[in-house]
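Remarks on the structure that follows.
The values are calculated or read from the model by the stated rules, or taken from the named source; none is laboratory data. Bear in mind the structure is a predicted one, so any value in this text is a computation, not a measurement. Here the Cβ positions follow ideal geometry from the backbone for every residue, glycine too, while neighbour counts run over all protein chains shown.
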Amino acid sequence: MTQPDPDSAFRRAVTRRSRRVSIIWLVPIVALLIGAWLAWDTLSKRGPTITVQFDSAEGLQAGQSQLKYKDIVFGTVKKLELTPDKWHVVVTIETTREAEPLLTDKSVFWVVKPRLFAGSISGLSTVLSGSYVGLVPGQGGATKHDFIGQEDPPVLEEHIPGRVFELKSPRIGSISTGSTIFYRGIEVGEVLGWDVSHMAESVTIRAFVRAPYDAYVRDETRFWNDSGLSINLGAHGVQVEVQSLKALLFGGIEFDTAKADSDSPQAAENHEFPLFTDQDDAKSASYTRAVEGVSYFSGSVSGLAAGSEVTMHGMKIGEVTDVQLAPVPAKGIVAMVRYQVQPERVVGVGKRTYKTDEEAVGAMLGLGLRASVESANLLTGQQVVALEFVPDAPHADVVMDGKDFVIPTTEGGGFAGLAASASAVLNKVNAIPFAQIGANLNGVLGSVNQAVDGPELKAAVENLAATLAAAHDLVQKVSTGASPAAKQLPEIAASLQKALNNANKLVVSVDDGYGNDTKFHRDLDRLLVQTDEAVRGIRSLADLLSRQPEALIKGRHE
């Protein structure tokens, strides 16, 4: 049996440090590494924090609304707050690293939401997903982090090849941002907006034309307002013209280049063009020459105003520039009408028949050129200045009124001529001395009445009765002494009686047909009364037409 060691009861365990790391420390180390990686990943993907100021933050929510470009998320809205003046909203957005090159002073921000803009509906996708901030980066520009957003989206939400041109107009009219630009009926561009820096003088409209249509814009191209509805009443009836329903509702601009200018150079970026009121004004601008004229009218020029047409044989050759009253020593106060004639409408663009304008006007006056005012529209009462050649017109020399050629006037046709002719006829009717003729007839009838009631006629009747009695006695004596001849007297008396009866029948027939109580006499009396009323009516109509030619259609003014 083994004996226990007496010292073993007093032995102690010896603790030794391990030189290996415990595996339990791997858990916090891995967690720390993951946290560091996540922090580094988050910081590496985070872009700059930007602020965008809007008038309203309708539909935006902090922590949910996003910043998007081409449906790619480039940031998230973190905070919404009011500006110090309490009029605007500042939206703070944390962007991604990818958004940094997009944030320049050329960038455009707006709130995307359902809206009707530029003739189209946009933002319908936000009905379910909610509103977000839209971004369109600009071309170039310096880096920027504080922006002023716009209320409406840009017309061009992406880079589209084309060129921008500037259109000058005295007023904006129905043109608005997003209005369509047409070329021969094709939609080729849009209105981007307008420049307000020189609005005291005119409006500068920025028009964008997409490629390849921008190549058709030449230095001599004409732009005109093609908005609204055009109604023309002409020889072919009523003509209604409208470019499109979109142009009618939101406005439109059209451009074209005349065939003679088709070889002019292509217009450069931001080239400035005038914007004409309509296509007629644009075509008129193609004519390079204008002869200024003036005429003095003594009659009414109602319905004639600046912009009215100047015509020859019914075709437009110019337009009126000014209408006003002016004193003329020999005529008193007359209507002075200034107008310009474009000779190239007659002879062709760039062509001349005479060397100078003075020579041309002198030749035309020698052929009897005269100016008159004629009615152009029965419904509106609009009038035009008509230049016509009057046969056998008196000789007229070339006379200048400042820089204007004085064109003699003549009575116009249409309602003015009708009124003048009616007035001339009535003047001749008024020249007939009806009062003197009536007085003479009354004198004759009075003399007849006096002769009938006078003693002379009574004495003549008594003498005639005595003569007849003496004749009767003589006949009796002759009858007694001339019995053979008396035998033939019955036959002679019968013949005389027959002749007398026939004469009576003739007198009765004439009296029945044309007597005082006959239908002929009554019709004649009514005819005379109606003739008198007709003459009075014609005179009143002529007076009315001379003052108001349009009264034939519109009726008399109350």
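Table: residues versus (1) surrounded by fewer than 18 Cβ atoms within 10 Å (Cβ to Cβ); (2) hydrophobic (A, V, I, L, M, F, W, C); (3) assigned to a loop (DSSP other than H, G, I, E, B).
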position: G141; (1), (2), (3): yes, no, yes
position: Q150; (1), (2), (3): yes, no, yes
position: E166; (1), (2), (3): yes, no, no
position: I175; (1), (2), (3): no, yes, yes
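Is it the case that the range 178-195 has a residue that's surrounded by 17 or more Cβ atoms within 10 Å (Cβ to Cβ) and among the polar types (S, T, N, Q)? Yes - at least one qualifying residue is present in the range 178-195.
Right, L124: within 39 Å of the chain's Cα centre (by Cα), modelled with pLDDT under 90 and outside any strand (DSSP E or B) or not? Criteria met by L124. Does V346 fit the bill of being surrounded by 15 or more Cβ atoms within 10 Å (Cβ to Cβ) and either of a type outside the set (F, W, Y) or not assigned by TED's automatic domain parsing to the domain that holds E388 (or both)? The answer is no for V346. The set of residues in the range 96-117 being closer than 30 Å to T180 by Cβ and basic (K, R) consists of K106, K113, R115.
Just to be sure I understand, how many residues within the range 179-218 are modelled with pLDDT under 85 and outside any loop (DSSP other than H, G, I, E, B)? Final tally of qualifying residues: 3.
Residue pairs whose Cβ atoms lie under 7 Å apart, sitting 6 or more positions apart in sequence or on different chains, and linking a residue in the range 140-169 that is hydroxyl-bearing (S, T, Y) to a partner that is surrounded by 13 or more Cβ atoms within 10 Å (Cβ to Cβ), are T143/L103; T143/T104; S169/S202; S169/V203; S169/I205; S169/L275.
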